[in-house]
Amino acid sequence: MRYLLCLSIFCHAVFGLPSQANHTQPPVIDLNYARYQGNRLAGGVDEFLGMRYASSPVGDLRFRAPQDPPTNNTLQSATEYGPICIGVGEEETTGEVSEDCLFINVFKPSTATPQSKLPVWLFIQGGGYAENSNANYNGTQVIQNSGDGLLFVTFNYRIGALGFLASEKVRQNGDLNAGLLDQRKAINWVKQYIEQFGGDPNHIVIHGVSAGAGSVAYHLAAYGGRDEDLFIGAIVESSFWPTQRTVTEMEFQFEILTNETGCSDASDPLDCLRDQDIATFQKGNTASPFPGGSSSPLPDWYWLPVTDGTLVPGELYRAFDKGNFIKVPVLVGDDTNEGSGFAYNATSSADVSRFFRNNYPHLSDQQLEKINQAYPLGEPLPRHAAYFSASSAAYGDATFTCPGNLVASSAAKYSPDAVWNYRVNIIDESNIAGGIGVPHTFELPAIFGAGSTGTLSSGSSYLTYNAGIIPVTMHYFISFVLALNPNTYRYLSAPEWKTWGNGERLRLQTNDTAMEVIPEKSLELCVLWQELSEAMEDRMSVRDLTTKQWISSLFEPGQILLWAFKSYVKVNVETVLRGQILAPLLHPSRLRDEAFGRFWVTFSTNRESDAPPPPPIPTSGEIQGSSDLIPPILSHASGIVLDVGPGTGTQMPLLRSPAIQTIYGAEPCHGLHAELRARAISEGLSDKYYILPCGVEASDLIPALQKQDLLNTNTTNPTAVLKNLENTGDGVFDTILCVRVLCSVPDMQQTIQSLYTLLRPGGKLLVVEHVVNPWRTRKGSIIARAFQAFYGLLGWSWYMGNCSLNRDTATALRIAAERDGGWESFELERWFQSTAMPYIAGVLVKKGNK
């Protein structure tokens, strides 16, 4: 079978295809929604330029996922590139730069037909998510050098604020990471239509450069590594991993943007932003300092992908380290001096620290000092200050080289024979004289051919002494696209490119291309950057407690307990005064439940009105209290939702997203139903919020769901109903919310198991729960754990609706999915670990597609 596959690829690559192209007529392609007429070039290549792969993302489609392109029955011209996407600080230029920019370009052998099934090379350009900086590359040379054996595709995607504006408002009435969704739309477009051009929809290799390579990493790790069969191989060229933050941490950008565009006082700032003309909008599509940073220098990259819990479920470092990515053959590498084009021209180690803090504000003083120690003063470089070499080396390793090495090493754990790494060391005299060494992506003309990436200057080394590296480099890449192996069709004089192994790579250098072992020092430096990745990526911080604040946190549960105790005493006294003298002895549980219901209504109301509430979205990226954990988590809710123990509905304002279809609130305390119903009306949710008068235990919940016709009624046995759901793999809910409720269910493990079964495949369990203090860990506290035990002895569980302070909820959540091999995504963070009320919060995604 392998022999036949290689023979088929060889025939395509060497002999071409049997059909003859009509060289007198321009080519026409029918895509059902549109017909396009392209160019037929003299070299035997057809090009179809500027085709729409999505609707124009303007007006109400601004900040939304790309939509299908409109139907147009007229024959359209595809002979010129469409305008590229407008980026940070740019102005619209007719025909060249525009918000209406979602265009795709296809290069194909003129002889290719829908029966040809040629491999597809899909290129994702870079630009730091700030611009389309590698647009409109020409695929003619790679097609010709493949023996007419492949198709080449490029496209534009939204960048800057139009592509990566992050806010809870965008999440609720739009789509986060629109630029990445554009890319995904383009990949799906290729999957759907490339066969009409002669391509094989089952043989697509995605290739990204810089931010495009970072995007490839995101697509590999998308949805927790869910494989949707969109591509079979990946080329990761100088993978760009800047700071990756949460939506909460990027709210400040939304505020600045609305201020700069005159939308800050609008009743709906997001609608206002959609109404702005592009010239007005661009006034805010600029860079500013990150909170905690300064403007000297500004961060290199400002509008960036964020952790959204779905497409981007978590940090890239964590995804690849845990194996949560698609396992396909990969070609990955970088340049010798990746950081030289971006690093601050530092004159001192303090300058280096300031540069890194401005790009990664969560880095502590101690971490910055570690960086300076790892990258001390080096040899001076021409035209640069003393510490530029340290700044350049550190930034290059942190942002490009080490992320690429992690992709290679992680992939090699699963596919050791399908991972190849490289280092570009193509020496250019003008680069050396300028002090930038072998800079970021310098090899692009060698991959695609001189002139294919733009006009080269007459003095370019690729036209003279570096011309020899072009066929070597190009054929390695062509071979990988054709055969998922860079060696199969490599250039005749090129050496064999060995796989990653224990850290081997190919050095691409004119007249000196050879294998080399990654130096031990480089591996050590990459360990440092992986250790720092949590601070550099999306980890929100919790304010360090002073000693006084920590002591106060230990007594906070006691204050709550005292409040609940007073409510209990008051209810008992009132009952006795009404003549029911023995009720406290005969019906203690009923009175306790009534007291807790009253307490919770008062407690919730007080927190909302009397007490100064924390801002709904912390703008500094700093979590100040447990309430700050809730909005980002609940913003993931969609579809049919089960709201477990909603109480008086204090979280209901966070559930108004149009992505939510119906909400079922399972509240066992009947005394809270009136408050809950009133809240649903006040929040405009009365038509889709249904109160279930039950607890979350299966014996209580299953019959309630059957009454709502959410479950079949063939049996009244809850265990049998759950077993049937388990066997069929079906579920009921798209989202289940657990906010401060799992502490009070009688059998937590069984309850969580039942909730897991009720989740549909691909469904989300959203969790914010207080748990036992992790006193055995470095961040826990034995004193806080002792306070938890003390409050337990004082009757916390009795007065607080059976809630327990000592539950290991995280372990129970993890165990619940073991029968399916674990959760597809298990992103659970711990907070306030030194206090008597530590929390876990996160989004857990069940395996399987919705």
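Read-outs: derived from the displayed coordinates by stated rules, not from any lab. Bear in mind the structure is a predicted one, so any value in this text is a computation, not a measurement. Ideal geometry is used to build each Cβ from the backbone, glycine not excepted, and the neighbour counts take in all protein chains shown.
General remarks:
- Here the Debye sum runs over all C-alpha atoms of the chain as equal scatterers in vacuum, and log10 of I(q)/I(0) at q = 0.07, 0.08, 0.09, 0.10 Å⁻¹ comes out as -0.60, -0.77, -0.95, -1.14.
- Straight-line reach from Lys327: taking Cα to Cα under 16 Å and skipping same-chain neighbours fewer than 8 places apart, the lysines in range are Lys413.
- Separation of region 721-779 and region 829-850, taken as the distance between their Cα centroids, equals 11 angstrom.
- Degrees separating the helix 718-728 axis from the principal Cα axis of the chain, which is the longest one: 0 degrees
- Ordering of 343-349, 157-163, 49-55 by packing is 157-163, 49-55, 343-349, highest average first (other Cβ atoms within 10 Å, averaged per residue).
- Antiparallel DSSP beta bridges within region 629-846, percent to nearest 5: 40 percent
- Gain in span if fully extended, Thr286 to Thr811, counting 0.36 nm per residue against the direct Cα distance: 184.6 nm
- Taking the Cα centre of region 553-608 as origin and assigning +1 to Lys and Arg Cβ atoms and -1 to Asp and Glu Cβ atoms, the resulting dipole is close to 140 debye.
- FRET efficiency, 1/(1 + (r/R0)^6) with R0 41 Å, evaluated for Gln76 and Leu523 via beta carbons: 0.20
- Label zone at Asn39, where the point sits 7 Å out along the Cα-to-Cβ direction: region 172-210 residues whose backbone N lies under 18 Å: none
- Positive-end residue of Asn572, Ala595, Leu561, charge dipole of region 553-608 with Cβ unit charges: Asn572
- Here the peptides 140-149, 551-560 are ranked by packing, the mean other Cβ count within 10 Å, and the order with the highest first is 140-149, 551-560.
- Given charges at beta-carbon only (K, R positive; D, E negative), |dipole| of region 647-688 in Debye: 80 debye
- Cβ charges +1 (Lys, Arg) and -1 (Asp, Glu), total dipole of the chain, debye: 2120 debye
- Pairs of Lys residues in region 629-846 that lie 8 or more places apart, or on two chains, and have C-alpha atoms under 26 angstrom apart add up to 9.
- For region 739-850, the relative contact order comes to 38 percent (Cα pairs under 8 Å, sequence separation of at least 6).
- Relative contact order (%) - criterion: Cα under 8 Å, at least six apart; region: the chain: 9 percent
- Peptides 584-596, 273-285 ranked from most to least packed, by the mean per-residue count of other Cβ atoms within 10 Å: 273-285, 584-596.
- For region 553-608, the Kirkwood estimate of hydrodynamic radius, built from reciprocal distances between every pair of different alpha carbons, is 12.0 Å.
- Of the trypsin sites (Lys or Arg not before Pro) found in region 754-834, those that fall in a DSSP loop while having at most 16 other beta-carbon atoms within 10 Å are Arg776, Arg778, Lys779.
- Listed residues Tyr344, Gln833, Met800: farthest to the positive end of the dipole of the chain (Cβ charges): Met800
- Taking Leu406, Leu118, Leu368 and counting other C-beta atoms within 10 Å, the order from fewest to most: Leu368, Leu406, Leu118
- Between 0 and 90°, nearest 10: helix 178-197 axis offset from the chain longest Cα axis: 50 degrees
- C-alpha center-to-center spacing [region 62-104, region 468-543] in angstrom: 34 Å
- Toward the positive end of the charge dipole of the chain, with +1 on the Cβ of Lys and Arg and -1 on the Cβ of Asp and Glu, the farthest Cα among Gln373, Ser461, Ser110 is that of Gln373.
- Against the main long axis of the alpha-carbon atoms of the chain, helix 402-414 sits at an angle near 80°.
- Computed over region 629-846: relative contact order in percent, which uses C-alpha pairs under 8 Å that are six or more apart: 19 percent
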